[in-house]
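Participant: Okay, handing you the structure first.
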Amino acid sequence: MSTLRLRGGRVFDPVHGEDGVPRDLCARDGRLVEIAPNERVNSEFDVRGMIVMAGGIDMHSHIGGGKVNLARMLLPELHRHPDGSSCTPSALVTGYRYAQMGYTSVFEPAMLAANARHTHFEMGDVPIVDHGAYVMLGNDELFLRLLAERADFERVRDYVGWTINAAKALGVKVVNPGGISAFKFNQRKLDVDQAHVHYGVTPRLVVHTLARALTELGIPHALHIHASNLGVPGNIESTLATIDALEGLPAHLTHVQFHSYGSEGARKFSSAARRLAEAVNAHPEISIDVGQIIFGQTVTASGDTMRQAANAELASPRKWISADIECDAGCGVVPFRYREQSFVNALQWAIGLELFLLVNNPWQVVLTTDHPNGGPFSSYPHLIRLLMDKSFRDEQLATLHPEVAAQADLKHIKRELSLTEVTILTRAAPARLLGLRDRGRLASGAAADIAVYREDVNRETMFATPALVFKDGELVARDGEIVAAPAGGVYFVEPDYDRAIERTVSDYSDRYLATAFRHAEIGRDELCECCNPGGRLLLTKCVESARERAAGGRLQP
Amino acid sequence: MTEAAGALVATPATEQQARPWTCPFCALLCDRFGVTTDTDGSFALVGSRCPRAMRSLGQFSACTEPASATIDGAPVSLDAALDAAARILARARQPLFAGLATDLAGARALFRLGSACHAIFDHAHGETMLPGLRALQDRGVIQTTLAEIRSRADLLVCLGTLPSLRYPEFFRRIAPAVDTATRDVVFVGVDVDPALGGENASRVDLQNDWFETLAILNALARKRRLVTKAPALAALVERLLAARYAVLVWEAAALPGTQIALLVESINDLLRTLNRSTRAGGLALAGNDGALSFNQALTWMSGLPLRTGLHASGQDHEPHRYSSQRLLSDGATDALLWISAFGAELKPPPTQVPTVLLGHPALSSAGKDSVFIPVSAPGIGSAGHLTRIDGVVVVPLTALFADSTPTVASIATHLLDRVKALRS
């Protein structure tokens, strides 16, 4: 039995309304528990005056899967740094850097079902942090066929359930709904109400069907949406149309910075952050993550081949990869350098910060850079300082393209996030949005994933190097040094669905795909192998599904 | 009567008797065939006449006695062999891990061992993996996968390759799906592949050499005016531009000369041009014997692809300098760890440096300063995973019999423990 006590830290746990009042935090065998003050423990740390939070949770960071590895292959020159740092670090360095920053769970948002084993293998080699992935749907041709054939909704829903289970995913992401597939038929643009050139279905139908399916399957994380027209000036209209398509169903709109552009002004490119924030404020069932851009070299890796191909001319350095994949989806890898003196990049930077600051309810916003697409995750401490420190933000804004520096709405926003709000954006909200009931909080019974920070007026310094980081009660990092590297666990859900759908998938697989149907599903034992010894299977509970409700309770497996 | 019963047992296996199997012997990883096991332990392929799979299966038997490890050719216990192998690796100042014919679990374990030994990694097929990788690193690529080709390709152009030579089931794997448009197949610089089924096939000759041919194709695709007359190539470009989804297939092992990466770059250029107005994708035929899998695993674990060294001073990716042949002939390495788990065909290069060999029992080496440890073949004696030819799909392998021989992953893990102990 292993016991731990952190004595006298200022605990921030917004789930339980704790706002920095000092108390002891104790753990036994990886779980937070009450231990009497005079009882002996195996290890005790005096953290008086320090800030204690649950371990950070990144719910949208491209840390594994084919596209990330292609980005590494494409850009060996960015790996020359002696410690292996780059915009797409190796799996090992990724785990270490996250832990060094106090993050203990990270989620890959774009796992292709066809690439799911690879993704789990790769994530399994990310040490320390727990991980999981959202499987991509909405561009796979069976789904589009079912919609085109006007199949019963229940069959589509069962297919969604089958896919989640087969890929061992935690949720579902839709990327440019229908657009990746449409690009395979040489369609170069797809608005929310425009028909897919081959299947005739609209993104509106794709989004609504998937959101409804996840709700009925009881998947804790609502549909994760990378909306249509990423990066296109004026795309706020399609982003708002996407929210409209949901008709009140819950959903998570991801990297909204890339989807909040107007087309006003001399350059036909403007901030529409206020319009998006107003929509989010009016829709409590919607959550967002921002996808903040950070100036410097990075690489964009996305399933959105339609948009990546359109942006390929902007590649820096001038090389890029595109792939159509297995009638499933695709991937595009385009290196990119965000420049302070570029009007567009400077405005993107301002739009991202405006979005963080204009959404009223912090529980609806998650801190991301869409790593590595907006910038590497290692820039989170810098981003936190921008959000917490108005004068620092103004200093940075003043160095940007003069038109943006002079005119950005951001100048007039006075809000500075509090430590409690940062705690929500970086742990409590993502835990709630993903259905992780024992993470992102510090009450008894929760997992002992803990980050302890030294108070510093420079919030970047403070958040860059926590004094102590614990994963499931084990000390893993101390003052920025990794002291233990346990294997992370993998989160997934096993929704209830009608197995009769397997015949449809199997027939389709035999007719169109290149791998035997018996290999479509990743079993639990196989998932263990992917994860490396010690990596635990973290089965996340579904809420009661529509089938279960109809049957009057939990169905037998 | 006895004879008749014997004859019944020896009746050729039917599909019903065959166990589903995934073939690990080329990067296509066919998983719709079966295998039967005869009473003498030999394996027979059902549902395919792939010569590569049949030849490779012939190297294995379910009834073989486990082979012994050897030191300098003399049989020893596994422990003694592991001790000797660990001494070689721990003593080496610049070990080379090569061959690398193993599955993903083997790759993961060898990476950890290589990190501890500061090894350089190159695969037995490093030379044919290199052109694609170099072209990717210089300008990028546009790729497609087997199911995309099956469902979408209305024009397939094989550039200098007869795919069925090294990938016998290639055309079956990409056979057009039932309701796909008719497909034309064009062979440039080679005759029509005899393995091709009912599709419309034709041949287009080279214009002098590959450099000139690809330059002309690129120029014509960009609508440039040419002084040179090349009607056959012009007609091919017209077809490529008119196709809804053209696929260019190439194979580094089949292209001539020493500057194959430049040819591949030119193929990728053509794909970029075609994709301005229509859709097209490329497929490289390469990556057998776990080369693609090792490249993927090394890339995610180190951040860098094959031909990378994990030195104490940091990692270093040297696509030319870190060729096994070159390192061995330059005397730039002082120990070789050679892995060949899928069969006895991939032999280590002749060398004077101390060698540790993990491989098929028939590879057993008698050389001086050599340690041989037999390992189980993924997909034959043990389960495993490999990456398919298009780099996207990881396919599970299942064992055909209960092999008591250890896997590459378990040997590498034992070696790591011993190397660490020797170093401390």
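Just so you know, all these numbers are worked out from the coordinates, no wet-lab data involved. Source: prediction; values computed, not measured. When we count neighbours, we look across all protein chains shown, and the Cβ atoms used for this are built from the backbone with ideal geometry, even at glycine.
Participant: Treating cross-link reach as a plain straight distance, find the aspartates and glutamates whose alpha-carbon is under 13 Å from the alpha-carbon of B:K229, omitting any fewer than eight places away in the same chain.
Facilitator: B:E212
Participant: Here's a follow-up. Could you name the lysines whose alpha carbon sits less than 21 Å from that of A:K411, not counting residues in the same chain fewer than 8 places away?
Facilitator: Straight-line reach from A:K411, under 21 Å: A:K268, A:K390.
Participant: Let me ask another. Could you list which residues have their amide H under 5 Å from that of A:G435, counting only those 5 or more apart in sequence or on another chain, with H placed in the peptide plane?
Facilitator: Those lying under 5 Å, H to H, from A:G435: there are none.
Participant: To make sure I understand the rule: partners must be aspartates and glutamates, Cα under 17 Å from the Cα of A:K541, and not fewer than 8 residues away in the same chain. Which ones qualify?
Facilitator: Within the straight-line limit of under 17 Å, A:K541 reaches these aspartates and glutamates: A:D130, A:E216, A:D438, A:E494, A:D496.
Participant: When the expected Rg is taken as 2.2 N^0.38 Å, what fraction or multiple of it is the alpha-carbon Rg of segment A:262-383? Before the final figure, lay out each step's value.
Facilitator: Working: Rg = 15.5 Å, N = 122, 2.2 N^0.38 = 13.7 Å.
Relative to the 2.2 N^0.38 Å estimate, segment A:262-383 comes out at 1.14.
Participant: Another question, then. Among B:P305, B:F372, B:L236, which residue has its Cα furthest toward the positive end of the charge dipole of chain B, with +1 on Lys/Arg Cβ and -1 on Asp/Glu Cβ?
Facilitator: Result: B:L236.
Participant: Taking every DSSP beta bridge with both residues inside chain B, roughly what % is antiparallel (nearest 5)? Numbers along the way, then the final one.
Facilitator: On the way: 22 of 62 bridges.
The antiparallel fraction comes to roughly 35 percent.
Participant: Put +1 on the Cβ of every Lys and Arg and -1 on every Asp and Glu Cβ in segment B:130-284; which of B:T145, B:Y245, B:F211 then has its Cα farthest towards the positive end of the dipole?
Facilitator: B:Y245
Participant: Out of the DSSP beta bridges found with both residues in chain A, what percent are antiparallel (nearest 5)? Present the calculation step by step, with values, prior to reporting the outcome.
Facilitator: On the way: 41 of 76 bridges.
Counting only bridges with both partners in chain A, antiparallel ones make up about 55 percent.
Participant: To continue, here is another question. Of all DSSP beta bridges in the protein assembly as shown, what percent run antiparallel (nearest 5)? It would help to have the intermediate numbers written out before the result.
Facilitator: Values: 63 of 140 bridges.
Counting DSSP beta bridges with both partners in the protein assembly as shown, the antiparallel share is about 45 percent.
Participant: What ratio of Cα Rg to 2.2 N^0.38 Å holds for segment A:466-545? The partial results should precede the final answer.
Facilitator: Values: Rg = 19.1 Å, N = 80, 2.2 N^0.38 = 11.6 Å.
Here the answer is 1.64, to two decimals.
Participant: What does the charge dipole of chain A about its Cα centre add up to, to the nearest 20 debye, if the Cβ of each Lys and Arg holds +1 and the Cβ of each Asp and Glu holds -1? Don't jump to the answer; show the numbers that get you there.
Facilitator: Numbers: 58 positive and 68 negative charges, 96 e Å.
Roughly 460 debye, rounded to the nearest 20.
Participant: Another question, if that's okay. At a Förster radius of 30 Å, what calculated FRET efficiency corresponds to the Cβ-Cβ distance of A:N186 and B:V192, to the nearest 0.05?
Facilitator: Numbers: r = 28 Å, r/R0 = 0.95.
Computed FRET efficiency for A:N186 and B:V192: 0.60.
Participant: Of the residues B:D209, B:D403, B:D72, which exhibits the maximal mean-square fluctuation in a Gaussian network model of chain B defined by a 10 Å Cα contact cut-off?
Facilitator: Highest fluctuation of the listed residues: B:D209.
Participant: Length gain on complete extension for the stretch B:D334 to B:D205, per 0.36 nm per residue less the alpha carbon to alpha carbon distance? Don't jump to the answer; show the numbers that get you there.
Facilitator: Working: separation 129, 0.36 × 129 = 46.44 nm, distance 4.71 nm.
The B:D334-B:D205 span can extend by a further 41.7 nm.
Participant: If I take every Cα pair under 8 Å that is 6 or more residues apart in segment A:288-401, average their sequence separation and divide by the length, what percent do I get for the relative contact order?
Facilitator: Values: 185 pairs, mean separation 41.9, N = 114.
So the answer I get is 37 percent.
Participant: Moving on. Would you mind getting the Kirkwood hydrodynamic radius of segment A:197-308 from its Cα pairs, rounded to one decimal in Å?
Facilitator: On the way: mean 1/r = 0.0668 Å⁻¹.
Result for segment A:197-308 stands at 15.0 Å.
Participant: Then there's this: Rg to Rh ratio, the protein assembly as shown, alpha-carbon atoms and Kirkwood radius?
Facilitator: Details: Rg = 28.5 Å, Rh = 29.4 Å.
On the Cα set of the protein assembly as shown, Rg over Rh gives 0.97.
Participant: At 4 °C and 1.567 mPa s, grab the translational diffusion coefficient of segment B:130-284 from Stokes-Einstein with a Kirkwood Rh over Cα pairs, rounded to a whole number in µm² per second. Intermediate values should be presented prior to the final figure.
Facilitator: On the way: Rh = 15.5 Å.
In µm²/s, the coefficient is 83.
Participant: Hull surface divided by four, with the convex hull built on the Cα atoms of chain A: how many nm²? Write out the running numbers ahead of the final one.
Facilitator: Details: hull surface 97.7 nm².
With the hull built on Cα positions only, its mean projection is 24.4 nm².
Participant: A further question on this structure: Let me know the charge dipole size of segment B:130-284 about its Cα centre in debye, to the nearest 20, where only the beta-carbon of Lys, Arg (+1) and Asp, Glu (-1) is charged.
Facilitator: Values: 19 positive and 16 negative charges, 113 e Å.
The calculation lands at about 540 debye.
Participant: With labels modelled as points extended 7 Å from the Cα through the Cβ direction, what inter-label distance (nm, one decimal) is found for B:Q17 paired with A:Q407?
Facilitator: Placing both labels 7 Å beyond Cα along the Cβ direction yields 8.0 nm.
Participant: Between A:S506 and B:S410, how many nm apart are label points set 7 Å from Cα along the C-beta direction?
Facilitator: Inter-label distance under the simple model: 3.3 nm.
Participant: Rounded to two decimals, what is the ratio between the C-alpha radius of gyration of segment B:64-216 and 2.2 N^0.38 Å? Intermediate results must be reported in sequence, preceding the final value.
Facilitator: Values: Rg = 22.8 Å, N = 153, 2.2 N^0.38 = 14.9 Å.
Taking N as the residue count of segment B:64-216, the ratio is 1.53.
Participant: Output the direction-averaged projected area (hull surface divided by four) of the convex hull of the alpha-carbon atoms of segment B:362-424, in nm². List each step's numbers first, then the result.
Facilitator: On the way: hull surface 26.4 nm².
Over every viewing direction, the Cα hull of segment B:362-424 projects on average to 6.6 nm².
Participant: Among B:P168, A:S271, B:A98, which residue has its Cα furthest toward the positive end of the charge dipole of the protein assembly as shown, with +1 on Lys/Arg Cβ and -1 on Asp/Glu Cβ?
Facilitator: The residue sitting farthest along the positive end of the dipole is A:S271.
Participant: Please state the Cα pair-distance histogram of segment A:403-461 with 5 angstrom bins from zero: what percent is in each bin?
Facilitator: In order of increasing distance, the bins hold 4, 15, 16, 19, 15, 12, 9, 6, 4, 1, 0 percent.
Participant: Other chains near B:146-157: what is the mean number of their Cβ atoms within 10 Å of each residue's Cβ?
Facilitator: Values: counts 4, 12, 10, 2, 6, 9, 6, 0, 0, 0, 0, 0.
Mean shielding count: 4.
Participant: Kirkwood hydrodynamic radius of segment B:302-368 from all distinct Cα pairs, in Å? Don't skip to the end; give the middle numbers.
Facilitator: Numbers: mean 1/r = 0.0748 Å⁻¹.
About 13.4 Å for segment B:302-368.
Participant: Using R₀ = 41 Å, calculate the FRET efficiency as 1/(1 + (r/R₀)^6) where r is the Cβ-Cβ separation of A:A546 and A:D479; round to 0.05.
Facilitator: Working: r = 50 Å, r/R0 = 1.22.
FRET efficiency, A:A546 to A:D479: 0.25.
Participant: Length gain on complete extension for the stretch A:E77 to A:N458, per 0.36 nm per residue less the alpha carbon to alpha carbon distance?
Facilitator: Numbers: separation 381, 0.36 × 381 = 137.16 nm, distance 3.23 nm.
Going from the current span to full extension adds 133.9 nm.
Participant: Given segment A:148-245, report the % of alpha carbon pairs whose separation exceeds 20 Å. Each step should come with its number before you reach the end.
Facilitator: On the way: 1827 of 4753 pairs.
For segment A:148-245, the fraction of Cα-Cα distances above 20 Å is 38 percent.
Participant: Scan around A:A446 for amide H atoms under 5 Å from its own, H built in the peptide plane at 1.01 Å from N, and keep only partners 5 or more places away or cross-chain.
Facilitator: Those qualifying (amide H under 5 Å, at least 5 residues apart or on another chain) are A:L32.
Participant: Any of A:K168/A:K189; A:K67/A:K184; A:K173/A:K471 with alpha carbons more than 20 Å apart? Name them for me. Before the final figure, lay out each step's value.
Facilitator: On the way: A:K168/A:K189 32 Å; A:K67/A:K184 18 Å; A:K173/A:K471 27 Å.
Too far apart for the 20 Å limit: A:K168/A:K189; A:K173/A:K471.
Participant: For B:393-400, what's the mean count of beta carbons from other chains sitting within 10 Å of each residue's beta carbon? Could the numbers behind the result be given before it?
Facilitator: Working: counts 14, 13, 4, 7, 0, 1, 0, 0.
Average per residue, whole number: 5.
Participant: Taking 41 Å as R0, compute the FRET efficiency from the Cβ-Cβ separation of A:A443 and A:S391 and round it to 0.05. Before the final figure, lay out the partial values.
Facilitator: Values: r = 35 Å, r/R0 = 0.86.
My answer for the efficiency is 0.70.
Participant: Another one. If you take each beta carbon of peptide B:49-62 and count the beta carbons of other chains within 10 angstrom, what is the mean? Each step should come with its number before you reach the end.
Facilitator: Values: counts 0, 0, 0, 0, 0, 0, 0, 0, 0, 0, 0, 0, 0, 0.
Going residue by residue through B:49-62 and averaging, the value is 0.
Participant: Cα-Cα pairs above 38 Å in chain B: how many percent? Working shown, then result.
Facilitator: On the way: 25723 of 89676 pairs.
Cα-Cα pairs of chain B separated by over 38 Å account for 29 percent.
Participant: Let me ask you something else. Report the label-to-label distance for A:V197 and B:A421 in nanometres (one decimal), using points 7 Å from each Cα along the Cα→Cβ vector.
Facilitator: Distance between label points: 6.5 nm.
Participant: Using the Cα centre of segment A:60-199 as the reference point, and only Cβ charges (+1 on K/R, -1 on D/E), how large is the resulting charge dipole? Debye, rounded to the nearest 20.
Facilitator: Details: 14 positive and 14 negative charges, 50 e Å.
The calculated dipole for segment A:60-199 is roughly 240 debye.
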